[in-house]
Structure formats: C-alpha cells, structure tokens
Amino acid sequence: MTQMGSRLHDIAGESARRRAFEVAAQVPDPEVPVLTIGDLGVLRDVRIASDGTVEVDITPTYTGCPAMAVFTMDIEIALMAEGFGKVRVNTVLSPAWTTDWLSEEAREKLRAYGIAPPAGKASRRALFGDDEVACPRCGSLDTEKVSEFGSTACKALWRCRSCAEPFDYFKCH
Amino acid sequence: MTTTDQTADLFAYTLRLADDAAILGQRLGEWCGHAPTLEEDIGLANVALDHIGQARALYTYAGEVEGEGRDEDQLCFLRHERQFNNCLLVEQPNGDFAQTILRQFFFSAFMLPLWRELKGSKDATLAAIAAKAEKEAAYHVRHSAEWTIRLGDGTTESHERAQAAVDQLWPYTGELFEIDGVVERLVAAGIAVDPASLRDEWHATLREVLDEATLRLPPDGWFQTGGRSGRHSESFGHLLSQMQYMQRAWPGHKW
C-alpha cells in the first residue's frame, strides 16, 4: 500500500472503530434498562483487529454479575446488525469497576427511573459507614435502610419515611 | 526455583482460593427459598453470587496457569473430594441462621485484608481479581457483622444460638492461618499473602464486633485441620454430589 493509501486506511479504521464504540455503548443494561453500558462505565475499550474483528472490552460491576452474559450477546447482536462481521467480547477485571465512574447524567437517569444513585465517593466507605441517601421520588433525606441487598447484586433496599415509598438504592462500591 | 515449580505453586494457590469461594457460594445457595425473611433470602443469594463470581474468575485463571486445557467447569465440577483444597470453615453445614452468619463473618473478616494485600501481588491476574473481590468482601463483613450484633445482643434465644455458633465454628478458624511450602514460596516471590500477617487485624475485627454483640471469643485451643490437604468433613461428599450433579449427568454441558 502507498503511504497515502495507508493513511486513508488508518482514517477509515479509526472511523469504523468510533462507530463500533458508539453502537456498543448504546447497549442497555438488562436489569436497569434506563442505563446503557456506556453510561455505566462497563464498556472499557473497542478495537478493530487487522482481520476486521471488533474487539470489545467490558468489565463487571460485581464479579458474579449475571448480566455479563447478556451484555456479551447484546453487544454481538448490535454490532452485527450494524454490519460488523466478527465480534469478540472480552471481560477485563482491572481496573476494578467503581460507582465513581457513573456520569452525572447517568445518576440523573437513575433518579428519574426511581433508583437512588450511589451517594458520595466509593473510597470514603468504612465498616459501618452508612450512606446518606435521598429518596428518588420526593428528595427527602429522612430515609432508612431496609436491607443491605436488593433486587440485584448492585442494589440495596431502602424506604422513605417522608413519602413512605420503598425504593432501590444503587450501592456505593 | 524453576518456572515449572512456580507454575505448580501458583496453580495450587489459585485453586485453593477458588475452592474456598466456590464451596461457600454453594453452601449459601442452599438457603435460596429458605432464609428467615425475604430480604435475607435475597441477601444470602447475593453473597453467594459474589463468591461464585470470584470462583469463576479464579478457576478460569487456574486452568490457564495449569495449561492442560481444563476450564472453570472441569475444575469445579469434575474433581473428587480429596482433590478439593478449600478450608474446612467454608464447607461447614449452614445450621441455623446464626451459624451461617458467623461462618460468613469469620471468613469474610479474614478475606477482606487478604484481598487487600493480594492487590499488590506480582501476579497481575490475582491482583486484578483481588481488587474486585475486596469491595465485595467489605460488604460481606458489614452485612454479617451487623447480623452478628443483632443476634448476639438480641433475645436470650438468639444470643444463645449465636454463642453456640461461635463456639462450634471456632476450631475451624485456625486453618485460615496455616502456611505450607506452596504459600511460603509464593510469599517469598511476592505473589501470595502471608496469612500470619493478617491475624492481628482479623482478631481485632472479631473482638470489636463480638464485644458489641455481647458474645464471648473462645480461647485459642485445639484447631481442626485437613481441608488444604484434601481431608474434609463428613458432609462434604453430600455437598459435592449436589454441586456436581449436572456436569456429571451431562458431561461437558454448557449454559
């Protein structure tokens, strides 16, 4: 390939990579459908190998998160529907996922969906460090923890004492 | 030391961590649909899921280290009783809710500092698994410590049961701190964590929580041993027969 041809090839490759990233980033979380894997920070990297295979790196929120298998399948389907022929999804563990990676926009989407977003920074949590959690419905801070665990590994169950509604809290992790 | 020796040690060490996680995950899974309250049913299943997730990552890595083509399913579901090297604590039957909680508390209070130290391992994969598992262990300590206090400092009945659980499980905690050639060589190589270095912190965590729970910490005495060399409790075979049924009935099947 000439030098010019090679540069054009690189540009085409980069634009395909970006498109693949955007497509993968739009895959929704099956358990919190209001968030995409891009919002969650679960999508870590997308590369295109020399044989055209799209390599996607994702990282689990919790080690045993059962949504990982669904993510993998949904990413493959989404990319293939966009015309990418071969897709390989890898699970990477490092650096470990943290709720600090949730964007402000993602937190707002969670709140609007009725799930209280993680409070504060993951690093400040201590043995009995209880979080101060605002009710996603009425905004009151007069809330109490019902259980350390909720409907999925990433959530706990709380209740609002002001509006009496129970709600899910996305654990600070 | 030759590379082959270190590979064998790394395989053995990773497999022990995997077995601890898998067996405790299996035990906790037995509570599914039977826990005292719906919230705790979900809670114990969630803790089980964390352990099973850790086990999957560790078994997969152990298989890569071994290099003989064994995957997570083969290592978890096709080894025999004497080939499992989990500590005896994690295989103890669930008993009542107090026994399940105290078993979790004793184990998680040990694993939390272990994972924290293992994050600095020269083995990049173990370090990466440890970084995830540490956060999960912190949550397990918090959950089991809160219940330990609630049960110990609760009614006469719950106090008695919690104390009985402490006394019954105590002889199985000494094994957590055992060190053999595998651990010794890997500690020297900067790969494994010396469990003896975690003892003071573990003891302090137990003392803090058990004091608040008005529970008595038994004196160090005779400790049971054997799990790390494949000698298990009577109930272990029953656990394996249930855990391994699917893979033995339909060899090679995948979800």
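The values are calculated or read from the model by the stated rules, or taken from the named source; none is laboratory data. All values derive from a computational prediction rather than experimental measurement. Positions of Cβ are generated from backbone atoms using ideal geometry, with glycine treated the same way; all protein chains shown enter the neighbour counts.
Of the residues making up region A:1-45, just one is among the basic types (Lys, Arg) and at pLDDT below 85, namely A:ARG7. The residues of region B:180-228 that are of a type in the set (A, V, I, L, M, F, W, C), out of contact with any helix residue (DSSP H, G or I) (no Cβ under 8 Å at 6 or more places or on another chain) and under 22 Å from B:ASP167 (Cα atoms) amount to a single one, B:ALA204.
Based on what the data block shows, is B:ALA22 buried (at least 24 other Cβ atoms within 10 Å of the Cβ), within 15 Å of the chain's Cα centre (by Cα) and under 23 Å from A:ALA153 (Cα atoms)? Answer is yes for this residue.
Does B:GLU66 count as of a type in the set (D, E, K, R) and more than 22 Å from A:VAL92 (Cα to Cα)? Spelling it out, it is not the case that B:GLU66 is of a type in the set (D, E, K, R) and more than 22 Å from A:VAL92 (Cα to Cα). Screening B:ARG27 against (1) more than 9 Å from chain A (Cβ to nearest Cβ); (2) over 23 Å from B:GLY226 (Cα atoms) leaves a single unmet condition, (2). Evaluation of B:GLY174 against the conditions (1) over 30 Å from A:CYS172 (Cβ atoms); (2) surrounded by fewer than 17 Cβ atoms within 10 Å (Cβ to Cβ) shows that the sole unmet condition is (2). Once region A:37-59 is narrowed to residues that are surrounded by fewer than 22 Cβ atoms within 10 Å (Cβ to Cβ) and part of a loop (DSSP other than H, G, I, E, B), the residue that is nearest to the chain's Cα centre (by Cα) is A:GLY41.
Per the listing A:ALA25, A:ALA78, the residue uniquely over 25 Å from B:GLU134 (Cβ atoms), under 10 Å from the mean Cα position of the chain (by Cα) and of a type in the set (A, V, I, L, M, F, W, C) is A:ALA25. Selection of region A:99-119 for residues being surrounded by fewer than 19 Cβ atoms within 10 Å (Cβ to Cβ) and within 14 Å of chain B (Cβ to nearest Cβ) yields A:ASP100, A:TRP101.
Of the helices (runs of 4 or more DSSP H) entirely within region B:47-157, those holding at least 1 residues that are in contact with a helix residue (DSSP H, G or I) (Cβ under 6 Å, 6 or more places away or on another chain), among the aliphatic types (A, V, I, L, M) and without any contact (Cβ under 8 Å) to a residue 24 or more places away in the chain occupy B:124-152. Of B:LEU112, B:LEU126, B:LEU206, all but one fail to be within 14 Å of chain A (Cβ to nearest Cβ), touching an Asp or Glu at 6+ places or on another chain (Cβ under 8 Å) and at pLDDT 95 or above; the exception is B:LEU112.
Whether any residue in region B:38-45 is of a type outside the set (A, V, I, L, M, F, W, C), surrounded by fewer than 19 Cβ atoms within 10 Å (Cβ to Cβ) and without any contact (Cβ under 8 Å) to a residue 24 or more places away in the chain is what I want to check.
Taking every residue of region B:38-45 in turn, at least one turns out to be of a type outside the set (A, V, I, L, M, F, W, C), surrounded by fewer than 19 Cβ atoms within 10 Å (Cβ to Cβ) and without any contact (Cβ under 8 Å) to a residue 24 or more places away in the chain.
For first residues located in region B:207-225 and under 17 Å from B:ARG150 (Cβ atoms), partners that are surrounded by 15 or more Cβ atoms within 10 Å (Cβ to Cβ) and among the polar types (S, T, N, Q) and lie 6+ apart or on another chain with Cβ distances below 6 Å form the pairs B:VAL209/B:THR148; B:ALA213/B:THR148; B:LEU215/B:GLN163. Inside region A:81-94, residues that are within 14 Å of chain B (Cβ to nearest Cβ) and either within 14 Å of the chain's Cα centre (by Cα) or among the aliphatic types (A, V, I, L, M) (or both) make up a count of 3.
Residue selection: B:ALA192 fails the criterion of being without any contact (Cβ under 8 Å) to a residue 40 or more places away in the chain and either part of a loop (DSSP other than H, G, I, E, B) or among the aliphatic types (A, V, I, L, M) (or both). In region B:31-46, the residue that is farthest from the chain's Cα centre (by Cα) out of those that are more than 7 Å from chain A (Cβ to nearest Cβ) and in a helix (DSSP H, G or I) is B:LEU38.
Which of the residues spanning region A:46-77 are acidic (Asp, Glu) and modelled with pLDDT of 95 or more? Hits for region A:46-77 are A:GLU55, A:ASP57, A:ASP74, A:GLU76. Among the residues of region B:158-167, not a single one is closer than 30 Å to B:LEU10 by Cα and in contact with a helix residue (DSSP H, G or I) (Cβ under 8 Å, 6 or more places away or on another chain).
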